[in-house]
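Report on the following structure.
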Amino acid sequence: EPEVTQTPSHQVTQMGQEVILRCVPISNHLYFYWYRQILGQKVEFLVSFYNNEISEKSEIFDDQFSVERPDGSNFTLKIRSTKLEDSAMYFCASSDMGYNEQFFGPGTRLTVL
Amino acid sequence: AQSVTQLDSHVSVSEGTPVLLRCNYSSSYSPSLFWYVQHPNKGLQLLLKYTSAATLVKGINGFEAEFKKSETSFHLTKPSAHMSDAAEYFCVVSDYPLVGGSYIPTFGRGTSLIVHP
């Protein structure tokens, strides 16, 4: 069964450093998403991406964040200068159509020291 | 605007007894509603979804949910809990987008299901 994969599973970084979180969506999917879940809190939408551009983004997704689909398989989330409050689990998801259910990856736990 | 409230942060049941996880939602339009499950160190897995067809929705692993518009509820049930059901459960609501775009879901805070032997 096809699945969304994410690497790394755990990333530890120093405050102010740049991090790139990687995702490989399901191969025939066209819509891609990033979410985050701060420990003990709800899952929050960050951004959606379709046709090589951002289609929706939340207030959380400020200038420190960017997304990219550098090739036909990867979908990345970059945080330019990490803050302590960026520590969270980051989930990638994909869907074949915008109105269909999203398939989630296992997440990357980001720890900012 | 859309929102979702999961009424219980923790639900504890004995193996073999029924499960009820409660969810209330608020939506401006006809929403799509989902239940996802998250096992430890795993991603979110879709249990079931409601998208304006039958109000009683059957999902995987014996779970089902009933959409009640008058009560704005979408509670998740299972007749008999199994130890492997112990996990975090998320109720999700998503409004139909006004103009193109994607369904942007709003997640509830989650309910932790604890199953005792």
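The values are calculated or read from the model by the stated rules, or taken from the named source; none is laboratory data. Treat the numbers as computed from the prediction; the structure is a model and nothing was measured. All Cβ positions, glycine included, derive from the backbone under ideal geometry; neighbour counts span all protein chains shown. These accessible areas exclude ligands, DNA and RNA; they are computed on the full protein's heavy atoms, side chains included. Shrake-Rupley method; radii C 1.70, N 1.55, O 1.52, S 1.80 Å.
For residue A:83, give me every one of the lysines with a C-alpha distance below 20 angstrom, ignoring sequence neighbours fewer than eight places off in its own chain. Once the sequence-local lysines are set aside, what remains near residue A:83 is A:42, A:57.
So for the protein assembly as shown: antiparallel DSSP bridges make up what percent, rounded to the nearest 5? Walk me through the numbers on the way to the answer.
Numbers: 69 of 78 bridges.
Restricted to the protein assembly as shown, the bridges split so that about 90 percent are antiparallel.
Net charge near residue A:76, counting Lys/Arg +1 and Asp/Glu -1 over other residues with Cβ under 14 Å of its Cβ?
Local charge sum for residue A:76: +1.
With all protein chains kept in place, the per residue accessible area of chain A amounts to 51 square angstrom at a probe of 1.4 angstrom. Can you classify the protein assembly as shown as rounded, prolate or oblate using the Cα gyration tensor, where a ≥ b ≥ c are the square roots of its eigenvalues, rounded means a/c under 1.5, and otherwise it's prolate if a/b beats b/c and oblate if not? Here the protein assembly as shown falls in the prolate category. Other residues with beta-carbon under 14 Å from the beta-carbon of residue A:29 carry, at +1 per Lys or Arg and -1 per Asp or Glu, a net charge of -3. Per residue, the accessible area of chain B comes to 49 Å² when a 1.4 Å probe rolls over the protein heavy atoms. Provide the net charge surrounding residue A:2, with neighbours chosen by a C-beta distance below 15 Å and charges set as Lys +1, Arg +1, Asp -1, Glu -1. That works out to -4.
Pick from B:29, B:89, B:50 the residue whose mean-square fluctuation is largest in a GNM of chain B, springs joining Cα atoms under 10 Å. Of B:29, B:89, B:50, the most mobile in the Gaussian network model is B:29.
The spacing between segment B:69-98 and segment B:1-63, judged by their C-alpha centroids, is 1 Å. Take every pair of alpha-carbon atoms less than 8 Å apart whose residues are at least six positions apart; their mean separation over the length of segment A:5-112 yields a relative contact order of 38 percent.
By the rule of a C-alpha distance below 20 Å, with chain neighbours fewer than 8 residues away ignored, the lysines paired with residue B:58 are B:49, B:68, B:69, B:78. The HN-Hα couplings worked out from phi for segment A:47-62 by the Karplus form 6.51 cos²θ - 1.76 cosθ + 1.60 (θ = phi - 60°) are 7, 10, 9, 8, 6, 6, 8, 5, 9, 8, 8, 9, 5, 5, 7, 9 Hz, whole numbers, x standing for Gly and Pro. Only Cα pairs under 8 Å and 6+ residues apart enter the sum, and on that basis the relative contact order of chain B stands at 37 percent. For the protein assembly as shown, the share of accessible area belonging to carbon and sulfur comes to 50 percent (1.4 Å probe, ligands and nucleic acids excluded). Rounded if a/c is under 1.5, else prolate if a/b beats b/c, else oblate: with a ≥ b ≥ c from the C-alpha gyration tensor eigenvalues square-rooted, which is chain B? It comes out prolate by the Cα gyration axes. Solvent-accessible area lost on pairing B with A (1.4 Å probe, both sides summed) amounts to about 1700 Å². Of the trypsin sites (Lys or Arg not before Pro) found in segment A:61-113, those that fall in a DSSP loop while having at most 14 other beta-carbon atoms within 10 Å are A:80, A:83. Give the percent of DSSP beta bridges with both residues in segment B:3-116 that are antiparallel, rounded to the nearest 5. The antiparallel proportion sits near 85 percent.
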